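One structure is given here, and the rest of the page talks about it.
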Amino acid sequence: MGDARSCRSDCKRIGFIGLGLMGAPMAMNLLKAGQILHCYDLMSDRLTPLQRAGAIIASDIAEIMEITDVTILSLPNLRSVQEVTETMLQNTRAGHVIINTSTVTTSLSKKLDSSCKEKGVTYFDSPVSGGVKGAELGTLTFIVGGDKEQYEQIKPILSYMGRDIFYVGAIGVASIIKLINQLLFFTGVLSVCEAVYLANKADMDKKTVFEVVARGSGNSYALQTRLNDFILADNYEPGCSVNLALKDIELLLAEAANLGIELPGVSMVKKRLLAAKILGISEKEISLIASYFEDVVKQNP
Ligand code: NAD
């Protein structure tokens, strides 16, 4: 159960639900900043290191809602975000603030926002970019949509976990910006994998290729991180898994369907990711596809 640890008049009791690859290091940074943190996750082993670092472990979501003023979510998919938010709203009081850092669609963001409004709860659509490394270093980029005045009050909390914090306007805008970021990144990574495949077949030295194109118009964040940090280093840890990429690609295609448009580049990325899954590398870092490229293309799922 919650503890009676004192909270200064200017401090907020913060709840954190979803302490996975992203949530755990984000929560650690809040603890390092001296915040009083109440954590809940379905998998209790995820909570042990946080408890050791000073977090208070909640036995369920109702307990989080009873004790905290602000709750941060870092959940894996649309269903978990929807279920957790519904449970929170069944146990809430007016005035609570929810900051959802999970990647979701604009339609879910708007739906959750309107359910929150009915209960007098403030909802922020606040996806993040920067990966696990950014979460650990506290250098995440936060893209925030929601009430502008209340945003000023949550900004200090976000600044403990991130470096660049962008307020982008109404609910839903942040979700679409995050998905556009994912479109550019994942199509970029698949292009890097294809380029590496070409370089290998042409018997090129990949390091030379990288040094030259990194100085040319072929340079990109995908090239810098995937070719340099993973492929040339021949080290694929920890990275972004094929499954995680596939989840975001599905969200992009759902968003496109809502808008009545097609995203052919994204559909191609989906085919490559599904093929990688068939080849048994779904839990591996996405740039490993470069090593399997010929087989990935042959799969044609
Ligand atoms: P993860 O699977 O590592 O962690 C999710 C956590 O949520 C797990 O610990 C799981 O047990 C918990 N959980 C699931 N359902 C729950 C429920 N009903 N109640 C309580 N806890 C529950 O996922 P992650 O990689 O940390 O990603 C979290 C979010 O951040 C996702 O929306 C993802 O798209 C986004 N994101 C991830 C990355 C990345 O590089 N991993 C980067 C940017 C954004």
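The values are calculated or read from the model by the stated rules, or taken from the named source; none is laboratory data. Computed from a predicted model, the values in this text were never measured in an experiment. Every residue, glycine as well, gets a Cβ built from its backbone with ideal geometry; the counts of neighbours run over all protein chains shown.
Structural remarks
- K110 fulfils the conditions (1) free of Cβ contacts under 8 Å to residues at least 60 places away in the same chain; (2) more than 30 Å from D229 (Cβ to Cβ); (3) surrounded by fewer than 23 Cβ atoms within 10 Å (Cβ to Cβ) except for a single criterion, (1).
- Residues of the range 216-252 classified as buried (at least 16 other Cβ atoms within 10 Å of the Cβ), over 23 Å from G280 (Cβ atoms) and within 16 Å of the ligand (Cβ to nearest atom), total: 4
- Every residue from the range 165-179 that is more than 14 Å from the ligand (Cβ to nearest atom) and either of a type in the set (D, E, K, R) or in a strand (DSSP E or B) (or both): I165, F166, Y167, V168, G169
- Test: T71 is in a strand (DSSP E or B), outside the structural domain of A257 (by TED's automatic domain parsing) and within 14 Å of the ligand (Cβ to nearest atom): yes
- Qualifying residue in the range 150-161 (condition: within 16 Å of the ligand (Cβ to nearest atom) and either under 15 Å from F16 (Cβ atoms) or without any contact (Cβ under 8 Å) to a residue 24 or more places away in the chain (or both)): yes
- For the range 253-285, the set of residues classified as of a type outside the set (A, V, I, L, M, F, W, C) and surrounded by fewer than 18 Cβ atoms within 10 Å (Cβ to Cβ) consists of N258, G260, E262, P264, G265, S267, K271, K277, G280, S282, E283, listed by residue number.
- Every residue from the range 91-138 that is more than 15 Å from the ligand (Cβ to nearest atom), part of a helix (DSSP H, G or I) and hydrophobic (A, V, I, L, M, F, W, C): C116
- Evaluation of I278 against the conditions (1) over 23 Å from K178 (Cβ atoms); (2) at pLDDT below 95 shows that the sole unmet condition is (2).
- For the residues V209, V192, V168, V213, the requirement of being of a type in the set (A, V, I, L, M) and touching a Ser or Thr at 6+ places or on another chain (Cβ under 9 Å) singles out V192.
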